[in-house]
Structures are given as C-alpha cells and as structure tokens.
There are 2 protein chains.
Amino acid sequence: MATDTKQRILDAAERLFADHGFPATSMRDITNEADVNLAAVNYHFGSKEALLIAVIERTAAPINRDRLERLDALERDAGGGPVDVEALIRAFLAPMFDRWSLWGKSEPKILKLVGRIHAEVDQELRAKFIRQFDTVFARYAVAFQRSLPELQAGDVHWRMLFLVGSMAHTMTWGASIIATDRGARREPGEILEALVRFAADGMSAPAPQGVAVPAGGMR
Amino acid sequence: MATDTKQRILDAAERLFADHGFPATSMRDITNEADVNLAAVNYHFGSKEALLIAVIERTAAPINRDRLERLDALERDAGGGPVDVEALIRAFLAPMFDRWSLWGKSEPKILKLVGRIHAEVDQELRAKFIRQFDTVFARYAVAFQRSLPELQAGDVHWRMLFLVGSMAHTMTWGASIIATDRGARREPGEILEALVRFAADGMSAPAPQGVAVPAGGMR
DNA sequence: GTCTATATGCGGATAGAC
DNA sequence: GTCTATCCGCATATAGAC
C-alpha cells in the first residue's frame, strides 16, 4: 500500500511539526509515529525539507485558494466598489476556521502548523511556500485599501500584519487555551466571529494623524 | 575578562536565537559568533537550555516588570475604578516598543526573540519562563474585565490572545517589513500607536450577542 | 515498495592540560 | 577561565538485499 504509506507519513509529520516545530522533529520521530520504515520518507519525498513542503502544500494551498475565491466573489458582488471591511476579514479568516470545524473534537493540528509557518520557519525556507500567501496578502491589501481610502497604503499593511498575527497566534495557541481555560471554551465558529469583530473594529479605526495636525488637539 | 565572555555569549545567543530559533541554533554557531571557546557556554551557563533561559531573563524580565509598574500606576490613578482601555493597552505594549526605540537603527533582535518565545518554543520549555508572563497576563485580564464589564471573562481572554498575537507577530516580522516594504517604513513609536489604535478599537468592540438576543436584531 | 545496515557528519557535553 | 581533544549519541541520507 504505497499511497497509504505516503498518507501516513504526511499525517504524522503534520502532527509532529505542529506540536514541536520543524527543526525539533526528527525523521525517526515521524517514521515511528507513522509506523513506517525510516527510509520511506526519503523514498517518497526525497528529504525532510521536501516533506515539510509537501505537508504545507496539502494544507495551505486549499486555504489560500479558498481565500482568493471568496475575495473574487465579494469583489464581483461589489461591482468594482469597495467591499465591506467585515466581509473582507471574514473571507480571509473563515477558510482556516472552517477546517478547524471539520476536525470536530480533535485538535486542529493543520492549523497549528499553519500558524507556526507564519511565526516560526526560517526566512529562506519560508520564502519557498509563502509565495502563494504573498499573492493572497497583496490581493487583500488592494481590497482593504479600496474599502479604507482614508488610510495610507503603509497603514493598511501594518494593520494587516496585526490581523495576521492575531490569526496565527490563535491557531497556534487557541486549542491549548480551550483545553486548559474553563470559562474560555468556545466553538471554532464563535472564535472566528470574535476575531472578525475584533479585527473589523481595529481595521476600521480612525487614521493616524500625520505630523501636520490642524492645530488644536496637541499641547 | 570573564564577564565580557558571558556578555558576548548572551549577545550572540540573542541574535541567533532571534534569527533562526532555538532548536536550529547550535552551540558552535553561538561560540563562533561570539568568538569564544566552545566550552565556555557550558562553563558559564551549564547547558544550552540554561543559556536560553538566561537570555530570556535578561530581556523579558525587565519588560514584564515594567508592564506591572505601569499597571500599578494606572490603577492607582484610577482609584479603584475602571482604567481607560487604550491606556491599558499602551501600558502593556509600550515596554516592548521602548526597547525597540532604544536600539536605534539596529534591528531589535531582543524583541524578535521575545516575539518568537510567544510563538515558537515548545510547551514544556515555554512553561519555565512564561510564569512571569502569566502573572502579567492575569493582572491585565482583571483590569480589562473591569474596564469592559459588558464582556464575559472568556471573551476578554480571547481578545487578549488576539492582542498578544498582533504584538508577537509585529515583533517577529515588523523589522523585515520595514526593511523591504518602502511605503511601510515607520518609527517604532508610530508602530506602537498604530497597534494601540487597532487593539483599542478591537478590544472595545461590542460584546458578542449570546444565544438569547432581546429580539429585534436578528433575522 | 519496503526493509536492514551503515555511511557520514553534527549535535551537546565533558575531561583534563594549561 | 580558557583551551584542545574527544566522547557519544542522534541527525539525515543512502546502498543494497529482499
């Protein structure tokens, strides 16, 4: 069963990379967990790094495709006009939370891993598969700019960085918070809505006053 | 020069841990960078892990002390009443950004590392020095709850997670964005204010409607 | 396709001379 | 306190039998 072996390796790698990170996970860890032979990884994928890329591809690619499709739909409906900021944020975030929901009770390792990708991986390696994310980021940046015309492009970028940070951190640590913190138990859908609310108000906050204040406020 | 050797090891470790992460950085990398002997690390610190803790202590401890002092001051001024949310957020964030400013033009490796700590480090290791952060988090959670009484405690926790995520991500990736993205160049103080604005509006967003809505809004 | 056995190198840590 | 030399285990990767 060749495909089964490949799948089991991918599943195990996903779990372990998510829990311990890429550098801290050895191929022996992976092959033990997957209950396959050590040599199987190199046979099927070529190298540990190639395995990581395969894992990422399997998980991140559909999410990013989904993000772009939702953005397309929103822009089509808006007919060239600005899209509602909250809808924009939801379109960006929902593809990740949807997959969390799909996993039901079990921990969303996929997302923890995707969260890690944003935060952990070394710059050079990151660049290899962040290409697709950069495309998504750029498309959304344009859309946000159109919906928030009073903001400078740089301000939009920074606020999007804040948004991505909230998302990545939530994906990485959200599950363990749910596990430990009694009163903070929430369904993925509720967390999504909480984050959408938080980010929508943050994104729509008034633009920073430049150096040239119209006199009155300062001093 | 014994103390000099210790300092150089700490400086080099800080740089390398920040850039490549803890597991991916070898002691040989560190001692080469610091231009000291390989054995010096174990002589002065005992182990690689103990070195990481020493690095963290040197950087994170003052930041967290600062956070608590600012919170004390705010609560003293408020005389038992609720503290302004924006002031609360600024008190939490400013200690990190202040240190960024202190570094002037050079990259704030310290902060990138602190950002990584929140995102990368393995749960068990993390627990060792996150104690102090947990204290800070808990104190601020109480203060936020008092300032946002319409929110449930769990909602406050989640929003604080979003806030921490924005901060950590900004610390980890902010410098490289400044370096690459022309129009996004900002002073640390400006980024702080941008993040305060973003998070203050996010934190103060309306509470999520529970299941029992007073009829009228939905449908 | 899957296995065992092994090549080869890097990892953290230490012994012991100076 | 600082150095060299070295232990020893684990890392990735591969050769070659089945």
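Values in this text are rule-based calculations from the coordinates and carry no lab data. Remember, predicted model here, so these are calculated numbers, not experimental data. Glycine also receives a Cβ, built like all others from the backbone with ideal geometry; neighbour counts cover every protein chain displayed.
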Note: B:SER26 to B:ASP11 extended length (0.36 nm per residue) minus current alpha-carbon separation gives 3.9 nm
Between the modelled labels at B:THR3 and A:GLU57 (7 Å from Cα along Cα→Cβ) the distance in nm is 5.6
Simple SL model, points at 7 angstrom along Cα→Cβ for A:GLU150 and A:ASP35; separation in nm is 6.1
With only helices counted (DSSP H, runs n ≥ 4, each -39500 (n - 2.57)), the per-residue ellipticity at 222 nm for the protein assembly as shown, to the nearest 500, works out to -25000 deg cm²/dmol
Inter-chain shielding metric for A:24-33, i.e. average beta-carbon neighbours from other chains within 10 angstrom, reads 1
Taking chain B, the whole-percent share of alpha-carbon pairs separated by over 27 angstrom is 41
Tilt, helix B:85-102 to longest principal axis of chain B (alpha-carbon atoms), in degrees rounded to tens, equals 20
If one builds a Gaussian network model of chain B from Cα atoms under 10 Å apart, the most fluctuating residue listed among B:PRO95, B:PRO82, B:PRO188 is B:PRO82
With a Förster distance of 35 angstrom and the Cβ-Cβ distance between A:LYS48 and A:ALA138, calculated FRET efficiency to the nearest 0.05 equals 0.70
